[in-house]
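Just below is one structure, and these are the notes that go with it.
The values are calculated or read from the model by the stated rules, or taken from the named source; none is laboratory data. Every value quoted in this text rests on a predicted model; they were computed, and no experiment measured them. Using ideal geometry, Cβ is built from the backbone for each residue, glycine included, and neighbour counts are taken over all protein chains shown.
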Amino acid sequence: MSKKKHIENSEEFKALKVNKGISQPSSFNPDILKNNYLSRKKILSANDYLSGILEDNRVLLSQAITLLESSRPDHQEIASEIVNLCLPHAGKSVRIGVTGVPGVGKSTLIEVLGKEITAKNEKVAVLAIDPSSEKTRGSILGDKTRMELLANDRNAYIRPSPSAGTLGGVARKTRETIILCEAAGFSTIFVETVGVGQSETAVYGMTDFFLLLMLAGAGDELQGIKRGIMEMADCIAITKSEGDNIIKSQRAKSQYENALHLFPATKSGWNPCVLTCSAVNKTGVKEIIKTIDDYRYLTEQNGYFAKRRSEQAKYWYYESINDALKASFYTNPEISERIKFLEKEVVSENISSHAAATQLINLFLKPQ
């Protein structure tokens, strides 16, 4: 039986005619290879990372920081080697800690300060710490979107990192990240804390200048003054001093200045000051930068700058020991096997917390 030919299927009767399109480019950009973007899945040698960091290769710098933040033992090993190699090239920046309650305008002010500095052809790094969720341990890491102008500045580098529950909202490896950024040639490094009411001791212990941002008219001018954080501040900046808020800002400034007079003299010989500023109108920005420069000049002349750096290095030396011991304790197989059982015993009140902890410590310290 022969097949019937359907003439309606011929080309001349087709209602839709599709023209041949142009050939599509590859979805893979060959130029990426030149910039080592694909090497993020391949761990390079510590010397390769060092070379990239010294040459201001932002990709390798970011990868090295990711290794620092990783909890994998092999990543920690190479990260430690990278930091040691970068140490001789570090230490030439001014490290500025910036803190304040959420909504005070930390990211906005840092961007304006950063643009002012990069306009002088100087390099700025911003280590922005985002709060981690207590439930999911995740972070938004949105500071690059909040600092859009600075993020697109060739002389600036923004690295958002999760706080991961660390003290003061400072990422666990922020201090080592500072060393890498200094080796990459960044002369000014901002460390932005979460600012959610935790102790700010951690950021104070890794920066040279501590900038405390405050809001006027929020009902906290005097009642909200916390002696501890006020004593750490080298400068208090009243933000959003614009429009109808200018008078409130000036009033808050006077109140904070009066409060600072009640504190004892600082070890640095510096007299903390209070300034007003507006990131929107860019007022008070140059004054803040001049204050930082004046502080650095004074403390370098009287020797406090170098002395404080030495004290910080000693502090983080002992902190590193504590971190290593803690990690070794919790990853110990015998401890992992026993800890949950003793937890249930403590909850059931069959054993005291102290006795249970002592059992685990003795188990950890027993000779192998």
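For the range 254-282, enumerate the residues that are under 15 Å from Ile292 (Cβ atoms) and aromatic (Phe, Trp, Tyr). The answer is Trp270, and nothing else.
Kindly evaluate Ala90 against the criterion of being buried (at least 24 other Cβ atoms within 10 Å of the Cβ), modelled with pLDDT of 90 or more, under 18 Å from Met206 (Cβ atoms) and not β-branched (Val, Ile, Thr). No; evaluated as a whole, the condition is false for this residue.
Tallying residues that are surrounded by 10 or more Cβ atoms within 10 Å (Cβ to Cβ), free of Cβ contacts under 8 Å to residues at least 24 places away in the same chain and in a helix (DSSP H, G or I) within the range 348-368 yields 7. For the range 102-152, a residue qualifies if it is within 22 Å of Ile179 (Cα to Cα), basic (Lys, Arg) and at pLDDT below 85, and exactly one does: Lys144. Looking only at residues in the range 319-335 that are in a helix (DSSP H, G or I) and surrounded by 15 or more Cβ atoms within 10 Å (Cβ to Cβ), the one that is nearest to the chain's Cα centre (by Cα) is Glu319.
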